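**Q** I have a structure here, written as structure tokens, and I will follow up with some questions on it.
The values are calculated or read from the model by the stated rules, or taken from the named source; none is laboratory data. Treat the numbers as computed from the prediction; the structure is a model and nothing was measured. Cβ: placed from backbone, ideal geometry, glycine included. Neighbour counts: every protein chain shown.
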Amino acid sequence: MTTTPTHRSARTAAALVLAAVLLASCGSTRYVVVQGGGGAAAAAPTTTVAAGPTSAEDEKAVKEAVEAALGLDPEVGFDERLPYLEDAEDIEPTYDAVLELVSSVDAELKVVSVVVNGDTATATVDVIVAGAPYAEGVPVEVVKDGDAWKVTRGGACAALAIGSPCPEQ
């Protein structure tokens, strides 16, 4: 497929919008400066988590919970995601806004690493747009609730800020 200037402009505009809202998280305001026309977002702030006891089972369960809660498949409704979220019943409009936005830019959320420390974990996710890394290293907080791992409201808001900030609590 040949990319015309119009297609490049539309893709660049979508990428700039995606970058601006990716860095706005859960009601806080941040400013984004994009230079050079590359359209890539600045890396998200990193969170350092002390390494602790972990198991391959926990890491796999955390990854599955993050993918189930935050995956960008528009066919998966919010009600299907809710069991993988903790105290996040009020962010359905955020999900709707994100799914609407990503449907036009071929985006996916990819879990790249998981660090488990007891009953808490941090999954690091990348946002991929049109097959290329776009926002890398977004930390998503996850907690163990009984036998299940759940993405915290803050973790969901950090990742979903690509489309809309979460409502104030």
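**Q** Out of segment 132-156, which residues are out of contact with any Gly (no Cβ under 8 Å at 6 or more places or on another chain) and of a type in the set (A, V, I, L, M, F, W, C)?
**A** Once the filter is applied, which keeps residues that are out of contact with any Gly (no Cβ under 8 Å at 6 or more places or on another chain) and of a type in the set (A, V, I, L, M, F, W, C), segment 132-156 yields ALA132, ALA135, VAL138, VAL143, ALA148, TRP149, VAL151, ALA156.
**Q** Mind listing whichever residues of segment 119-136 are at pLDDT 95 or above and surrounded by fewer than 16 Cβ atoms within 10 Å (Cβ to Cβ)?
**A** Result: ASP119, single match.
**Q** Which ones in segment 67-99 are β-branched (Val, Ile, Thr) and without any contact (Cβ under 8 Å) to a residue 40 or more places away in the chain?
**A** Answer for segment 67-99, where residues must be β-branched (Val, Ile, Thr) and without any contact (Cβ under 8 Å) to a residue 40 or more places away in the chain: just VAL76.
**Q** Of the conditions (1) modelled with pLDDT of 95 or more; (2) surrounded by fewer than 19 Cβ atoms within 10 Å (Cβ to Cβ), TYR84 clears all except one; give me its number.
**A** The number of the failed condition is (2).
**Q** Take GLY131 and tell me if it is on the phi > 0 side of the Ramachandran plot and of a type in the set (Gly, Ala, Ser).
**A** Yes, satisfied.
**Q** I would also like to ask the following. For ALA68, indicate whether it is in a helix (DSSP H, G or I), out of contact with any strand residue (DSSP E or B) (no Cβ under 6 Å at 6 or more places or on another chain), surrounded by 15 or more Cβ atoms within 10 Å (Cβ to Cβ) and modelled with pLDDT of 95 or more.
**A** Taking the combined requirement at face value, the residue satisfies it.
**Q** Which of the residues belonging to segment 95-106 are surrounded by fewer than 22 Cβ atoms within 10 Å (Cβ to Cβ) and on the phi < 0 side of the Ramachandran plot?
**A** Once the filter is applied, which keeps residues that are surrounded by fewer than 22 Cβ atoms within 10 Å (Cβ to Cβ) and on the phi < 0 side of the Ramachandran plot, segment 95-106 yields ASP96, ALA97, LEU99, GLU100, LEU101, VAL102, SER103, SER104, VAL105.
**Q** A follow-up question, please. Within segment 143-169, restricting attention to residues that are farther than 15 Å from GLY71 by Cα and among the hydrophobic types (A, V, I, L, M, F, W, C), which residue is surrounded by the fewest Cβ atoms within 10 Å (Cβ to Cβ)?
**A** Within segment 143-169, the match that is surrounded by the fewest Cβ atoms within 10 Å (Cβ to Cβ) is ALA148.
**Q** Turning to a different aspect of this structure: So for segment 135-147 (the condition being of a type in the set (D, E, K, R), over 30 Å from SER55 (Cβ atoms) and in contact (Cβ under 8 Å) with a residue 60 or more places away in the chain), does at least one residue qualify?
**A** Taking every residue of segment 135-147 in turn, none turns out to be of a type in the set (D, E, K, R), over 30 Å from SER55 (Cβ atoms) and in contact (Cβ under 8 Å) with a residue 60 or more places away in the chain.
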